[in-house]
1. Which residues, counting only those in the range 40-66, are crowded, with 16+ Cβ neighbours inside 10 Å, at pLDDT below 95 and not hydrophobic (A, V, I, L, M, F, W, C)?
2. Please give the number of the condition I157 fails out of (1) over 20 Å from F60 (Cβ atoms); (2) in contact with a Ser or Thr (Cβ under 6 Å, 6 or more places away or on another chain).
3. Within the range 48-61, which residues are within 21 Å of M94 (Cα to Cα) and not β-branched (V, I, T)?
4. Which one of L171, L150 is touching a Lys or Arg at 6+ places or on another chain (Cβ under 8 Å) and more than 16 Å from A56 (Cβ to Cβ)?
5. Is it the case, given these coordinates, that I157 is closer than 19 Å to G104 by Cα and in contact with a Phe, Trp or Tyr (Cβ under 7 Å, 6 or more places away or on another chain)?
6. Please work out if A77 is in contact (Cβ under 8 Å) with a residue 24 or more places away in the chain, farther than 15 Å from R38 by Cα, surrounded by fewer than 21 Cβ atoms within 10 Å (Cβ to Cβ) and small (G, A, S).
7. Exactly one condition in (1) modelled with pLDDT under 95; (2) hydrophobic (A, V, I, L, M, F, W, C); (3) farther than 28 Å from A163 by Cα is not met by L69; state its number.
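The values are calculated or read from the model by the stated rules, or taken from the named source; none is laboratory data. Since the model is a prediction, treat every value here as computed from it, not as a measurement. Quick reminder, even Gly has a Cβ in these numbers, built from the backbone with ideal geometry, and neighbours come from all protein chains shown.
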Amino acid sequence: MAATTRASSSCTQSYSVFGTSIRMTTPVGLETRRLRLRWLTLDDADLMLAIWNDPAFVRFVGDRGIRTLGEARDEMAAGALALYTSYGFGPYRMALKDDDTAIGICGLFRRENLDDPDIGYGVLPEYCGKGYAYEAARAVMEHARADLDLPRLVAIISPDNEASIGLIRKLGLRFERMQRMQDEEDEVCIYGIELRS
């Protein structure tokens, strides 16, 4: 079933993204059939701490060494919250519509050694395998295309992460190359998609 994306409480701002000045509508939140997505706040440090220490995240993304709520807040301030300010996008808190239970994150990121923003997600283990990451990622991709007017997205995936590769392919991204990310030993798969036809 197709996910319906609805942006809510939006405001329009101008940003310079990858050297291009564009006007973007930045929603406070996105909605799908089963999920509500909103920008993270420091109050979501417990969610991020759980994601960063989830065994699947550690295996496929890496161990960030973040073990306390204070460390999680510091990392969020330097990462997600800085992305919102600098680029007008970042990760969204994924929550069930029915009861606002936080189940993960999904959003857009900016890496120094990539020309395009990348889409990423992390779902808490008890909510994996239910289609939530796909539903959220579709909404984020539509937001990137329709509201942010981004021409292209990429995804960074461990070559061993078969579930994530399957999800990215289902979203229409195609394998482009192997690449070593900054300060990493192993190469990762780079998938990409053109958002403009």
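1. Once the filter is applied, which keeps residues that are crowded, with 16+ Cβ neighbours inside 10 Å, at pLDDT below 95 and not hydrophobic (A, V, I, L, M, F, W, C), the range 40-66 yields only R64.
2. For I157, the failing item is (1).
3. M48, L49, A50, W52, N53, D54, P55, A56, F57, F60 - these are the residues of the range 48-61 that are within 21 Å of M94 (Cα to Cα) and not β-branched (V, I, T).
4. L171
5. Working: closer than 19 Å to G104 by Cα: yes; in contact with a Phe, Trp or Tyr (Cβ under 7 Å, 6 or more places away or on another chain): yes.
Here the answer is yes, as I157 does meet what is asked.
6. Criteria met by A77.
7. (1)
Residues checked against (1) in contact (Cβ under 8 Å) with a residue 60 or more places away in the chain; (2) surrounded by 13 or more Cβ atoms within 10 Å (Cβ to Cβ); (3) in contact with a Gly (Cβ under 9 Å, 6 or more places away or on another chain):
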| site | (1), (2), (3) |
| --- | --- |
| V154 | no, yes, yes |
| D160 | yes, no, no |
| I165 | no, yes, no |
| R180 | no, no, no |
| C189 | no, yes, no |
